[in-house]
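The values are calculated or read from the model by the stated rules, or taken from the named source; none is laboratory data. Since this is a predicted model, take the numbers as computed values, not measurements. Using ideal geometry, Cβ is built from the backbone for each residue, glycine included, and neighbour counts are taken over all protein chains shown. Please note that ligands, DNA and RNA were not included when accessible areas were found on the heavy atoms of the full protein model with its side chains. Shrake-Rupley method; radii C 1.70, N 1.55, O 1.52, S 1.80 Å.
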Amino acid sequence: MIGFPLLLIPLAIYNIIAFLMPDVRFGEPLFKLALMSGTEWPVTLSDVLLAVGILLLLLEVIKGARPGAKYLTDHLLSLIVFGAAAAEFVLWPKFGTSTYFLLTALSLVDFLSGLALRRRRGAVAVAAEPAVSRKSAGRKAEPVAEPQFEPAPAPAPSVPPAAPVAESVLLDHPEPTLAQPAVVPNAASPEVPSPDLQPGSGAQPSPDAPRR
């Protein structure tokens, strides 16, 4: 949205009075104010226009200090207002007064202050961009935590099957052999005191046979 140049208001009032009301004098007092010192201050139309111009210049500066408040078109309009006021002050005899000169000076201050505020905002924005980029780069450069993997458990010792173990035990230990006494052929049998039972006689005596 294009901002309206506020200093055009007092300049337009001066033009209306100069062209449409030629009998009005800017130096004639409109009213008088009694001060605490007892002196009466005569307020003229020039004083009113200058006071209005100063207040509007303050509003223009406040409006231009806001971020993004004034665009290039607003500064161009302020320059046009200043150029027209300066041309009228130089070319028209009705505008060759101190009041109109001060109003022209206020329009020049409005144009220059707008340019200075715009340049300052641009410098602040350029200075803020590297800080933001460094901050974002610092955030990107933060080390990412690597995933932690738990170490795999050590493999349990393999248990050999029972069958091969038993076979190896049997192979290492030979089977036991029964010790038998050596038989000597034709060896004399020992005699037993009993006459009926002698070694070497394989037949058992009959119970019916008479005992000796």
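The table below gives the values:
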read-out: Number of the exception - Val24 against (1) open to solvent by 80 Å² or more (accessible area, probe 1.4 Å); (2) assigned to a loop (DSSP other than H, G, I, E, B); (3) not small (Gly, Ala, Ser); value: (1)
read-out: Residue in region 12-19 that is buried (at least 16 other Cβ atoms within 10 Å of the Cβ), within 26 Å of Gly114 (Cβ to Cβ) and of a type in the set (Ser, Thr, Tyr) present; value: yes
read-out: Output for region 2-18, where each listed residue is touching a residue at least 24 places away in the same chain (Cβ under 8 Å) and part of a helix (DSSP H, G or I); value: Leu8, Ile9, Pro10, Leu11, Ile13, Tyr14, Asn15, Ile17, Ala18
read-out: Identity of the residue in region 66-85, open to solvent by 20 Å² or more (accessible area, probe 1.4 Å) and in contact with a Lys or Arg (Cβ under 7 Å, 6 or more places away or on another chain), that ends up modelled with the highest pLDDT; value: Pro67
read-out: Where Lys32 falls short, out of the listed (1) assigned to a strand (DSSP E or B); (2) under 13 Å from Thr99 (Cβ atoms); (3) not small (Gly, Ala, Ser); value: (2)
read-out: Residue count, region 43-65 (criterion: at pLDDT below 90 and in contact with a Pro (Cβ under 9 Å, 6 or more places away or on another chain)); value: 1
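Yes/no matrix, rows are residues, columns are (1) open to solvent by 90 Å² or more (accessible area, probe 1.4 Å); (2) over 19 Å from Ala116 (Cα atoms); (3) assigned to a strand (DSSP E or B):
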{"site": "Ser37", "(1), (2), (3)": "yes, yes, no"}
{"site": "Pro42", "(1), (2), (3)": "no, yes, yes"}
{"site": "Leu50", "(1), (2), (3)": "no, yes, no"}
{"site": "Gly53", "(1), (2), (3)": "no, yes, no"}
{"site": "Leu58", "(1), (2), (3)": "yes, no, no"}
{"site": "Val61", "(1), (2), (3)": "no, no, no"}
{"site": "Gly64", "(1), (2), (3)": "no, no, no"}
